[in-house]
Structures are given as structure tokens and as C-alpha cells.
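Quick notes on the structure that follows.
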Amino acid sequence: MTEASWDFDTLAVRAGYNPTEHNHAVNVPIYQTTAYTLETAERADAMFAFEDEDPLYTRLSNPTVDVLERRVTALHEGATASIALASGMAAVSYALLNVAGRGGHVLTNYHLYGGTIDAFSHIYPELGIAIDTVKDADDIKAYERALGPDTKAIYVESVTNPLLAVSDLEALSRLAHANDIPLIVDNTLATPFLLNPFEFGADVVVYSATKALSGHGNVIAGLVVESGRFDYGNGKFPQFSEPHWVLRDENDVPRNHLQLFPDAPFTGRLRAIHLNYLGAALSPFDAYLILLGIETLAERVTKQVANAKALLAYLKDSPHVSWINYPTTQESPYRELAEKYLPRGAGGIVSFGFAGSEGQKRRFLDSVELFSYQANIGDARSLIINPAQTTHIELTNEQRAIIELKPETIRLSLGLESPQDLIADLAQAFKKAFS
Ligand SMILES: *Cc1c(COP(=O)(O)O)cnc(C)c1O
């Protein structure tokens with residue numbers, strides 16, 4: 001049996017790791033070391049000429065981090081490589097820098113993580129990257145109209161936070177490829193268990209591994225995964241095909257990233273340039289924590305989806321709830337897309353409108369006892385927050401209006417507790433809020 005024939009559940013606990021290569025250790029060892037001996041001058045030559053893939057320095061690679069990268073690649077059928085980084089924001093920004101430096105444009109919408117939107121208004125313009133934003137995220141024609149000669153990528157979230165919009169990845173990837181640019185997808189909410197964006201044409205997938213991938217609220221980390229299929233030598237991305245002196249061969253002939261990393265040019269260049277020079281390396285201990293989390297990804301997410309459904313049934317009948325967002329519900333405008341892209345469920349995030357005054361909403365938040373009031377998602381514990389006043393505070397009033405982020409929005413991130421206890425907690429908090 002080989003890894004290639006294994007199912008998701010087997011890969012999640014086994015892929016990318018061979019105990020015989022690590023003193024027969026059953027659990028992945030934490031290689032807590034900065035550097036690795038070069039042994040001989042000859043071996044040093046090979047390593048510095050990229051001929052030997054053994055680790056050299058932990059900013060660039062580390063055996064524990066390497067297992068994580070291989071495992072995450074294995075969890076995405078159609079992926080050739082991954083790179084782990086020190087945060088989800090590093091994953092998003094490195095991925096965009098990799099395609100859109102030198103005055104490129106990125107085409108996106110406003111249904112994005114608050115930090116990503118804020119970065120679009122602040123850091124990218126400083127780096128010469130322009131962000132073009134379509135107002136109606138569901139209108140493929142709007143993306144088509146906004147595409148220009150300098151557009152270097154389409155960037156979307158597959159399932160969005162906090163309003164649970166679902167992106168039509170197949171249509172977006174078709175549009176991107178017709179224009180010789182890659183589709184980059186932030187798949188943090190869905191996780192590879194619920195959705196594999198490569199199945200629908202995505203070229204690059206980014207994650208905040210801080211969330212459901214690790215699942216225990218104990219680590220900050222990010223990942224970039226690639227299909228290896230996109231042709232970065234098509235003329236639009238000269239940064240991939242220009243020869244670099246540092247990538248020279250043993251005869252001092254400079255090479256480019258496409259020659260050096262033919263199966264994984266995107267993550268290859270990201271490691272050689274962005275990780276190497278900007279330096280958001282993941283620590284081996286944090287990689288170990290994420291590996292532990294991934295072992296139970298399918299079980300956790302399955303339970304979170306079941307908890308989301310139980311809470312939806314309760315919220316639907318509550319007089320204190322004015323609306324509910326979850327893509328698989330009857331009322332959701334994303335129902336059809338959810339059936340296509342998320343057959344196992346849309347994850348553990350639910351948002352709803354609090355039917356009461358701002359004061360009552362604040363009392364409600366102050367009164368929950370089991371739900372933890374905090375700015376995170378995907379934890380084993382259930383979390384609650386008022387995104388318009390916290391996680392999405394960066395959005396301007398115009399941006400809020402575009403994505404319909406209303407002030408009364410409450411976001412739940414369901415954990416692994418008993419659904420009865422969670423419902424009882426909301427019930428007692430509603431009671432206090434309206435007493
Ligand atoms: C949290 C999050 C990020 C940022 O990740 P960090 O690990 O906090 O840096 C990016 N995208 C999405 C969808 C997120 O939820």
C-alpha cells in the first residue's frame with residue numbers, strides 16, 4: 001500500500017512521515033535546532049547549489065515542519081507542495097507578493113477576513129500592489145469587467161467569515177485561466193476535509209492553520225499549498241523566469257525558479273524569496289501542535305457541523321433572532337453552491353441577527369457562560385463574538401454596506417461540547433438580556 005491509495009482519514013494520521021527515518025519514533029519528533037551540520041565541504045557545495053534537499057537552516061526548512069507540509073499536501077488531491085509559515089497573514093501576504101509585486105493588481109471582493117481587507121488598504125499599496133474589488137462577489141461578470149492587463153491573480157475565500165458566503169470556485173478558476181492568471185483561495189473556514197479547492201480549478205490555497213486545522217486554539221500558523229499546474233512561464237510573471245545568481249548551478253550558470261522547482265514553482269519561489277528574506281518561519285514545536293490537531297480534523301469538523309445544525313434548529317425558532325446565515329439552510333442564497341462545494345456541511349461557523357437593542361445585545365454577550373467571548377474560530381471550545389464591533393472593525397461603512405455586515409450580527413464558532421449544553425447557555429443568556 002502506498003500513500004497514493006490512502007483515504008483522507010488515513011492520510012491525516014500517517015502521510016508524510018516514515019518512522020524508520022526518525023529513529024523509529026512513532027510520534028513526529030520536534031527538531032528543535034537552528035542549523036544542521038554540513039559534514040564536508042563537498043556536501044556543503046551540493047546543499048548551497050540546491051542539489052541536496054536536506055535541511056540547512058530552520059528558517060528555510062526543518063524536519064518537523066517538513067512532515068506538516070507533506071501531510072497538508074497529501075490532504076489535497078491534486079496538490080504538489082505546501083509551505084508552512086508563522087501565521088495565516090504571512091500565508092496570505094506572501095502568496096499575493098509572489099504573483100503581484102512590481103505594480104501588479106489583485107482582483108478580489110469584500111467578503112474577506114478583516115485583517116486581509118485592512119492590509120489591502122494599507123500595506124499592499126505601499127508595496128506597489130493595487131487591489132481591485134468587485135462589489136457583488138457573486139457576479140462572475142463583475143470580475144470579468146474588473147480584469148485588466150496588470151491583474152495577476154483572483155483572490156477569494158471559499159467560505160467567508162462572518163457571513164458565510166460561498167464562492168463559485170469553478171467559475172472563478174475558469175475566468176482566471178482564460179486570462180492566464182491563477183486563482184488563489186483562502187480555504188481556512190472550510191478546511192481540506194470539507195472542500196478541496198484544487199478539485200475546482202484553484203491554483204494556490206492558503207490557510208490560517210491557527211483555526212480549525214490545528215483546532216485547539218493553541219498556535220498561530222499559516223500554510224500555502226499549490227497545484228503545480230499553473231504556467232508561471234506564460235509571460236505575465238517574469239519574476240519566475242528571470243535567472244538568479246543565487247540559484248546558479250555548479251558551473252556558475254544562473255537559473256530561474258521554474259527550472260529549479262518544476263513541480264512546485266509557486267511554493268519553491270516563496271521559500272527561496274519570501275520565507276528566506278522576509279522570514280516568517282514556523283517553529284518546529286508549533287508544526288508539531290498542528291500535526292496533532294490534523295490527526296482529528298475529520299472528527300472535529302464533523303462534530304462541529306453537527307453542532308452547527310443543532311444550534312441552527314434552536315436559533316430558527318428563537319424570538320430573539322431576526323435572521324440566520326448558514327449556507328445549507330433553505331433560506332440561504334448560497335444553498336446551491338453549498339450543495340456543490342460543501343456536501344459534508346459548511347463548517348462550524350453560524351452567524352445570526354440579534355433581535356434586540358444594542359444594550360440588550362451587550363448584556364447577551366456578557367451573560368454567556370459556556371460560549372467563550374473571543375476573536376478566534378475553529379477551536380475545540382465554542383466561541384461567540386459581535387464581528388461588526390470587533391473582528392471586522394476595520395471595515396468602512398461603505399464596505400460594511402457592500403457585504404451587508406449589520407451591527408446586530410453575532411457569530412458563533414461551534415466547538416465540541418454537547419449541543420444541549422450550548423443551547424442551554426444561549427437560552428439563559430437571552431433570558432438575562434431581555435429581563
Ligand atoms: C484568521 C484568519 C486569517 C489570518 O490568520 P492568522 O493565523 O490569524 O494570521 C486569514 N484568513 C482567514 C479566513 C482567517 O480566518
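The values are calculated or read from the model by the stated rules, or taken from the named source; none is laboratory data. The model shown is predicted, which means the values in this text are computed figures rather than measured ones. Neighbour counts run over all protein chains shown; Cβ positions are idealised from the backbone, glycine included.
Would you kindly identify the helices (runs of 4 or more DSSP H) lying entirely within the range 343-435 that contain at least 1 residues that are under 30 Å from residue 290 (Cβ atoms) and modelled with pLDDT under 95? Give the derivation first.
Details: elements: 358-367, 397-403, 419-433.
Counting at least 1 such residues, we get 397-403.
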Check off (1) surrounded by fewer than 24 Cβ atoms within 10 Å (Cβ to Cβ); (2) farther than 20 Å from residue 149 by Cα for residue 239 and give me the number that stays unchecked. (2)
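In this structure, does residue 381 turn out to be within 15 Å of the ligand (Cβ to nearest atom), within 22 Å of residue 297 (Cα to Cα) and buried (at least 16 other Cβ atoms within 10 Å of the Cβ)?
Numbers: within 15 Å of the ligand (Cβ to nearest atom): no; within 22 Å of residue 297 (Cα to Cα): yes; buried (at least 16 other Cβ atoms within 10 Å of the Cβ): yes.
Against the criterion (within 15 Å of the ligand (Cβ to nearest atom), within 22 Å of residue 297 (Cα to Cα) and buried (at least 16 other Cβ atoms within 10 Å of the Cβ)), residue 381 does not qualify.
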Matching residues in the range 270-288 - criterion: being in contact (Cβ under 8 Å) with a residue 24 or more places away in the chain, surrounded by fewer than 19 Cβ atoms within 10 Å (Cβ to Cβ) and not in a loop (DSSP other than H, G, I, E, B): 272, 273, 276, 278, 285
The lone condition residue 367 fails out of (1) within 16 Å of the ligand (Cβ to nearest atom); (2) among the polar types (S, T, N, Q); (3) touching a Lys or Arg at 6+ places or on another chain (Cβ under 7 Å) is (1)
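Does residue 177 fit the bill of being modelled with pLDDT of 95 or more, within 16 Å of the ligand (Cβ to nearest atom), not polar (S, T, N, Q) and not in a strand (DSSP E or B)?
On the way: modelled with pLDDT of 95 or more: yes; within 16 Å of the ligand (Cβ to nearest atom): no; not polar (S, T, N, Q): yes; not in a strand (DSSP E or B): yes.
Answer is no for this residue.
Against the condition within 23 Å of residue 165 (Cβ to Cβ) and touching a His at 6+ places or on another chain (Cβ under 7 Å), how does residue 132 come out, does it pass? Quick ask: steps written out before the conclusion?
Values: within 23 Å of residue 165 (Cβ to Cβ): yes; touching a His at 6+ places or on another chain (Cβ under 7 Å): yes.
Considered against the rule, which asks whether it is within 23 Å of residue 165 (Cβ to Cβ) and touching a His at 6+ places or on another chain (Cβ under 7 Å), residue 132 comes out as yes.
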List the pairs whose first member sits in the range 210-222 and is under 18 Å from residue 94 (Cβ atoms), whose second member is among the acidic types (Asp, Glu) and more than 9 Å from the ligand (Cβ to nearest atom), and whose Cβ atoms are under 7 Å apart, counting only residues at least 6 apart or on separate chains? 221/286
What tally of residues in the range 212-247 results from selecting those that are β-branched (Val, Ile, Thr), modelled with pLDDT of 95 or more and over 18 Å from residue 100 (Cα atoms)? 2
Qualifying positions in the range 290-317 - under 17 Å from the mean Cα position of the chain (by Cα) and among the aliphatic types (A, V, I, L, M): 290, 291, 294, 297, 298, 301
Residues that are touching an Asp or Glu at 6+ places or on another chain (Cβ under 9 Å) and within 13 Å of the ligand (Cβ to nearest atom), drawn from the range 219-241: 219, 220, 221, 223
Do we find a residue being assigned to a loop (DSSP other than H, G, I, E, B), closer than 16 Å to residue 152 by Cα and more than 16 Å from the ligand (Cβ to nearest atom) anywhere in the range 203-211? yes
